[in-house]
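For reference, the structure discussed in these notes is given below.
Only the coordinates and a few stated rules stand behind these numbers; no lab work does. Values in this document were obtained by computation on a predicted structure and should not be read as measured data. In this analysis, Cβ positions are derived from the backbone assuming ideal geometry, glycine residues included, and neighbour counts consider all displayed protein chains.
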Amino acid sequence: MDDNPTLDRRAELSEFLRTRRARLKPEDVGLSAAGRHRRVPGLRREELAQLAGVSVAYYTRLEQGNGRNVSAEVLDAIARALQLSDTEHAHLVHLAKPTQARRKQRAPRRQQQVRPSLRHLLENLEGVPAYIGGARSDILAWNRMAAALFGDWGALAPAERNWARLTFLDPAYRELFLDWESKASDMVSYLRLYAGRNPDDPELSALVGELSVKSEKFRKLWATHDVKEKGHGVKRMRHPLVGELSLSYETLHLPDDDGQFLSVYHAEPGTSSAEALRLLASWGADATTAPR
């Protein structure tokens with residue numbers, strides 16, 4: 001096996017286009033499916049090419065992973081035909097037209113550094129779980145409430161402080177997240193988006209390889225080629241000490257910090273979840289080591 005594996009950008013482009021085409025039905029784009037025998041789901045290549053205004057041969061070459069010399073206008077037309085979201089459109093551009101600057105850019109190493117001022121900010125966010133994440137969904141720094149909610153990350157080796165690895169390989173996290181299926185899907189979609197921007201990251205390839213071997217669920221989700229940006233939402237959890245919580249989260253991307261982001265979880269005031277967070281804070285260090 002290659003000691004320094006990376007993802008195959010041509011294969012990524014090919015599979016992304018194929019899976020996006022397969023999810024569209026003829027009626028989704030104003031075509032009639034009557035009288036057409038379809039051996040596979042989704043649009044045919046010639047139908048997609050017609051919608052995008054390009055030749056079938058041209059689109060076929062692109063779907064086979066040959067994005068060389070493709071113009072931004074053609075990618076825009078294909079994105080519209082495939083009804084891609086803004087995030088998916090950007091992902092397509094990253095896969096099809098890696099810039100010279102991006103080819104020269106080095107992927108973040110495992111030892112990502114968190115600025116001292118950001119660590120100080122975490123320490124002063126009292127009463128709310130907060131952490132700083134980085135490349136490949138690594139967990140880089142966190143406050144006391146995050147440890148109380150999610151577990152003692154400090155007891156893990158640095159390589160194990162990774163959301164994807166914890167989500168798919170640690171049974172405690174399957175129990176913690178009541179909507180674990182959604183959490184797992186989001187996690188893979190984030191990794192896919194990162195992979196499109198950093199296909200030459202060997203540590204990402206190693207992580208994907210490990211999870212693909214150890215988790216059938218990860219393999220299935222990775223094969224969907226869905227992409228999603230980190231944002232905001234609600235997570236429902238069942239904590240061993242304080243029971244069920246429904247927490248909103250916000251993801252704040254940090255400029256000039258190697259792709260790092262700050263995630264903060266909070267509860268609506270006056271709710272049972274707010275009371276559960278208050279009780280969790282009162283447990284102090286004991287909450288961090290509670291059985292999971």
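Annotations for the structure displayed:
- The Kirkwood hydrodynamic radius of region 116-288, based on inverse pair distances between different Cα atoms, is 16.7 Å.
- Net length gained if the chain between Glu210 and Leu169 were fully extended (0.36 nm per residue, minus Cα distance): 13.7 nm
- Extents of the chain, taken as max minus min of Cα coordinates on every principal axis and listed largest first, are 65, 44, 34 Å.
- Length gained on full extension, Phe261 to Ser248, computed as 0.36 nm times the residue gap minus the Cα-Cα distance: 3.1 nm.
- Sites Leu241 and Gln64, calculated FRET efficiency, Cβ-Cβ separation with R0 35 Å, nearest 0.05: 0.05
- Rounded to the nearest 20 debye, dipole of the chain from Cβ charges on Lys, Arg, Asp, Glu: 1020 debye
- Within the same chain, lysines fewer than 8 places from Lys183 are excluded, and of the rest, those with a Cα less than 27 Å from its Cα are Lys214, Lys217, Lys220, Lys228, Lys230, Lys235.
- Reported value for region 179-225: 63 Å³ per residue, from the convex hull of its C-alpha atoms.
- Counting only residues at least eight positions apart within a chain, or on another chain, the aspartates and glutamates with an alpha carbon under 18 Å from that of Lys97 are Asp8, Glu12, Glu15, Glu63, Glu73, Asp76, Asp86, Glu88, Asp200, Asp201.
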